[in-house]
Amino acid sequence: MAKINGGFLNLKENYLFIEIGRKVREYIEKNPDKPIIRMGIGDVTLPLAPIVVEAMEKAAAEMGVKETFRGYEDSGRGYPFLREAIAGYFKGFGVNLEPDEILISDGAKSDCGNITDIFSTDSVVMVSDPVYPVYVDSSIMNGKKIIYADATEQTGFAPVIPQNAKADIIYLCSPNNPTGSVFTKEQLKEWVDFALSNNAVIIYDSAYEAFISDARLPRSIFSIEGARKCAVEIGSLSKTAGFTGTRCGYTIVPKELEFYDDKGNSYSVLKYWSRRQGSKFNGVPYIVQRGAEAVFTPEGLRQTKESIDYYMENARIMTETFDALGISYTGGKNSPYIWFKCNMPSWDFFDLLLSQKQIVGTPGSGFGKNGEGMFRLTAFGTRENTIEAMKRVTELLSK
Ligand code: PLP
């Protein structure tokens, strides 16, 4: 008899985005003449940089020529040219990595979820509340126990290490989705020290690192002393370079990072993550990897920064609006998310914003109990929509 993995039965319905979709569809059906501004989704709106498109066109042409055609990639872990390009990028902000500590993937979401495979089922996973739901769902699917680190208004929505808590795996995300908060070096050091003292592994999701402009804030967990012994970092080109539909990410696993069996014997995390990927994943398309390589050239970084600057100007327009309204928020600086206090239950505010001002955002309560009373907007829209939306928000909230 084929039996279901019981973890799947413990998953909660993906209520948040289903419910948003349902409410928006209903509104549009009843009000076809009222155009909606979508500020809820985390997808980008600007196209790929020209240098990325050129690199992928060239690679596509190579695939059509016998001498340069490529089939399966040997290792499935990424071509050396891309791993070296990423190592060079990290060196640019002072983090030294060896190219073979970097494994290329089809995006951060897959790696954030799949990496739980290599850890024991009886691991205790700590996540923040509010949280990016992928960490929770993949741990539940794997039958792992989850505990929460509260991130509240009092801490600027930075998660705080719970007293006397023990964890084996710790998911951290900075700049954070949904709260927009960004760890300082001191805050991140506390987490590194906590992980080291628990023999735990931090899975550090840095999908939004490219949005950090304040040089005092860490772009990588590996800029913190001790992190190489307790952390894995997962990066993404989705928001950095508009790859949400092109798909490319990477996971960095330091060679000295170890985990243990029941008898206390230690094993290399890099070895087993490589083994897991080798068995279940056949690599990212050559064409995409050439496009990704182009992102990390000086001209690629210049072109992709133009898009990031565009989104961050949207974020500035948004934070200026909330400042003028006297509404407290986190994010919007060093982060494309603005997370603000809506002074009513999050879903009530969702309904109000949609029905009165035709703006779609994301209710904070969908990300955890500490998100109740909070609301998330993203800076990934067009300039025109952002300006118009902020005009409408001002009309609604200055009353
Ligand atoms: N991690 C975080 C925190 C995200 O917000 C997202 C996407 O929204 C991802 C990972 C997924 O990134 P990718 O498109 O590389 O799978």
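Just a few scattered comments:
- Against the test of being more than 16 Å from the ligand (Cβ to nearest atom), closer than 26 Å to F183 by Cα, buried (at least 24 other Cβ atoms within 10 Å of the Cβ) and modelled with pLDDT of 95 or more, the options A227, A231 yield a single qualifying residue, A227.
- Subset tally (residues that are under 22 Å from G264 (Cβ atoms) and either among the charged types (D, E, K, R) or surrounded by fewer than 24 Cβ atoms within 10 Å (Cβ to Cβ) (or both)) for segment 165-191: 4
For (1) part of a loop (DSSP other than H, G, I, E, B); (2) loosely packed, with under 14 Cβ neighbours inside 10 Å, each residue gets a yes or a no:
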| residue | (1), (2) |
| --- | --- |
| G7 | no, no |
| I20 | no, no |
| K23 | no, no |
| E26 | no, yes |
| P32 | yes, yes |
| T45 | yes, no |
| A55 | no, no |
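- Residue list for segment 208-217, filter: of a type outside the set (A, V, I, L, M, F, W, C) and within 16 Å of the ligand (Cβ to nearest atom): Y208, E209
- Looking only at segment 83-142, and only at residues there that are under 18 Å from Y272 (Cβ atoms), in contact with an Asp or Glu (Cβ under 8 Å, 6 or more places away or on another chain) and not in a strand (DSSP E or B), the one that is farthest from the ligand (Cβ to nearest atom): S120
- If you check T244, T240 for being within 16 Å of the ligand (Cβ to nearest atom) and assigned to a loop (DSSP other than H, G, I, E, B), only one passes: T244.
- Any hit, segment 348-370, residues being in a loop (DSSP other than H, G, I, E, B), under 27 Å from the mean Cα position of the chain (by Cα), crowded, with 17+ Cβ neighbours inside 10 Å and aromatic (F, W, Y): no
- Where G278 falls short, out of the listed (1) within 14 Å of N114 (Cα to Cα); (2) within 15 Å of the ligand (Cβ to nearest atom): (2)
The values are calculated or read from the model by the stated rules, or taken from the named source; none is laboratory data. Note that the structure is predicted; figures quoted are calculated from it, not measured. Backbone-built Cβ (ideal geometry, glycine too); neighbour counts: all protein chains shown.
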